[in-house]
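K.L.:
Dropping a structure here in structure tokens format, bear with me for questions.
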Amino acid sequence: GFAMAQEALTKGFDVLQGPDLNLVRSPLSGRAFETFGEDPFLASVMGVAAIEGIQSTGVMAEAKHLGAYTQENARARLDQVVSTRVMTEIYNAPFEAAVTQGHVASVMCAMGMVNGVNTCSSPALYATLGSWGFHGFVRSDYAAVTSPATAFKAGMSLLKPATAQQISTLMAQGQLAASALRQGVQRVLTEMFAYGLIVRPRTLSLSAVATTPAHQNVALRAARQGIVLLQNTNQVLPLSASLSSLAVIGVDAYDAVTTRGGGSSAVHASSLTTPLA
């Protein structure tokens with residue numbers, strides 16, 4: 001978390017859109033690569049550590065995606081029917097830890113619906129956050145909100161995507177009350193003041209090189225520590241220097257090595273050693 005936030009600072013960002021605290025309910029989930037796995041306790045502990053690392057630098061963390069977010073396919077229209085107990089003990093557990101232990105500055109609400117209600121517009125979602133003592137701001141995932149006025153009224157602070165004209169129109173039409181908008185703005189400004197961004201605003205530097213050898217070593221160490229060898233039949237590994245012949249099969253070994261997932265969290269490796277090499 002600390003390393004990621006240092007890179008965010010190099011680029012001039014105020015908020016790092018992570019950690020992803022969703023649970024891997026399917027190994028085929030498109031966001032599995034940026035999560036902490038399938039266990040609510042493990043995701044809670046690692047999520048809090050990541051948040052503490054991020055926010056220790058003065059960058060806000062944004063825990064995502066609050067709501068039972070389990071798949072990428074049809075995510076915008078997916079309605080997930082989840083009991084209160086499962087929501088509490090499984091899906092919400094890492095987010096509760098993020099708030100009560102990590103004191104996360106912001107939360108991103110998920111796409112789709114939970115129990116028939118647009119997630120970002122669900123009063124139950126904001127009531128749950130309030131019961132944990134959350135004082136930060138909630139931002140919507142991209143195009144996750146079906147009714148902006150309803151979402152702001154429920155407790156959302158930032159809408160993505162949106163324009164000032166869109167918000168002004170909602171107010172002029174009487175759909176969005178000024179009080180609801182003020183509450184959202186206040187939540188954002190409160191965190192900005194708390195993190196010193198009003199007194200010392202940052203300057204974007206998107207072309208700045210954020211990768212460092214030290215951070216590459218952080219990634220390498222994490223990858224090594226995350227490997228679990230299930231079997232080592234006849235002590236094949238590590239490979240012997242006297243090995244005379246070895247078959248390496250498949251394009252994954254040299255030409256199409258998979259190093260990351262897709263989407264907004266995709267990061268190209270600054271260097272790559274292939275299995276064949």
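The values are calculated or read from the model by the stated rules, or taken from the named source; none is laboratory data. None of these values were measured; they are calculated from a predicted model. Counting neighbours? That spans all protein chains shown, and the Cβs are built from the backbone with ideal geometry, glycine included. Just so you know, the surface numbers come from the protein's heavy atoms only, side chains and all, with ligands and any DNA or RNA stripped out. Shrake-Rupley method; radii C 1.70, N 1.55, O 1.52, S 1.80 Å.
K.L.:
Do any residues in region 116-140 that are under 13 Å from GLY184 (Cβ atoms) have Cβ atoms under 9 Å from those of residues that are small (Gly, Ala, Ser) and part of a strand (DSSP E or B), where the two are at least six apart or on different chains, and which pairs are they?
P.N.:
Every condition considered, the pairs that remain are CYS120/SER140; GLY136/SER106; PHE137/SER106; VAL138/SER106; ARG139/SER106.
K.L.:
Inside region 149-164, can you point out the residues that are open to solvent by 20 Å² or more (accessible area, probe 1.4 Å), closer than 22 Å to GLU191 by Cα and in a helix (DSSP H, G or I)? Step through it out loud before you land on a result.
P.N.:
Of the residues in region 149-164, the ones open to solvent by 20 Å² or more (accessible area, probe 1.4 Å) are 150, 153-154, 158-164.
Filter again for closer than 22 Å to GLU191 by Cα, leaving 153-154, 158-164.
Once the filter is applied, which keeps residues that are open to solvent by 20 Å² or more (accessible area, probe 1.4 Å), closer than 22 Å to GLU191 by Cα and in a helix (DSSP H, G or I), region 149-164 yields LYS153, ALA154, ALA164.
K.L.:
Additional query: So GLY174 fits all but one of (1) surrounded by 10 or more Cβ atoms within 10 Å (Cβ to Cβ); (2) on the phi > 0 side of the Ramachandran plot; what number is the exception?
P.N.:
So GLY174 meets the others, but not (1).
K.L.:
Restrict the check to region 181-193 and report whether at least one residue is touching a helix residue (DSSP H, G or I) at 6+ places or on another chain (Cβ under 8 Å) and among the β-branched types (Val, Ile, Thr).
P.N.:
Checked region 181-193: no residue is touching a helix residue (DSSP H, G or I) at 6+ places or on another chain (Cβ under 8 Å) and among the β-branched types (Val, Ile, Thr).
K.L.:
Taking region 25-41 on its own, how many of its residues are modelled with pLDDT of 85 or more and open to solvent by 80 Å² or more (accessible area, probe 1.4 Å)?
P.N.:
Qualifying residue count, region 25-41: 4.
K.L.:
So, in region 131-148, of the ones that are among the hydrophobic types (A, V, I, L, M, F, W, C) and in a loop (DSSP other than H, G, I, E, B), which residue ends up most open to solvent (accessible area, probe 1.4 Å)? Step through it out loud before you land on a result.
P.N.:
If we filter region 131-148 for residues that are among the hydrophobic types (A, V, I, L, M, F, W, C), which is where we start, we get 132, 134, 137-138, 143-145.
Cutting the leftovers down to in a loop (DSSP other than H, G, I, E, B) gives us 132, 134, 143-145.
Details: TRP132: 37, PHE134: 28, ALA143: 62, ALA144: 5, VAL145: 26 Å².
Looking at the filtered set, the residue picked out is ALA143.
K.L.:
Evaluate region 210-222: report whether one residue or more is more than 30 Å from GLY116 (Cβ to Cβ), among the basic types (Lys, Arg), open to solvent by 70 Å² or more (accessible area, probe 1.4 Å) and not in a loop (DSSP other than H, G, I, E, B).
P.N.:
yes
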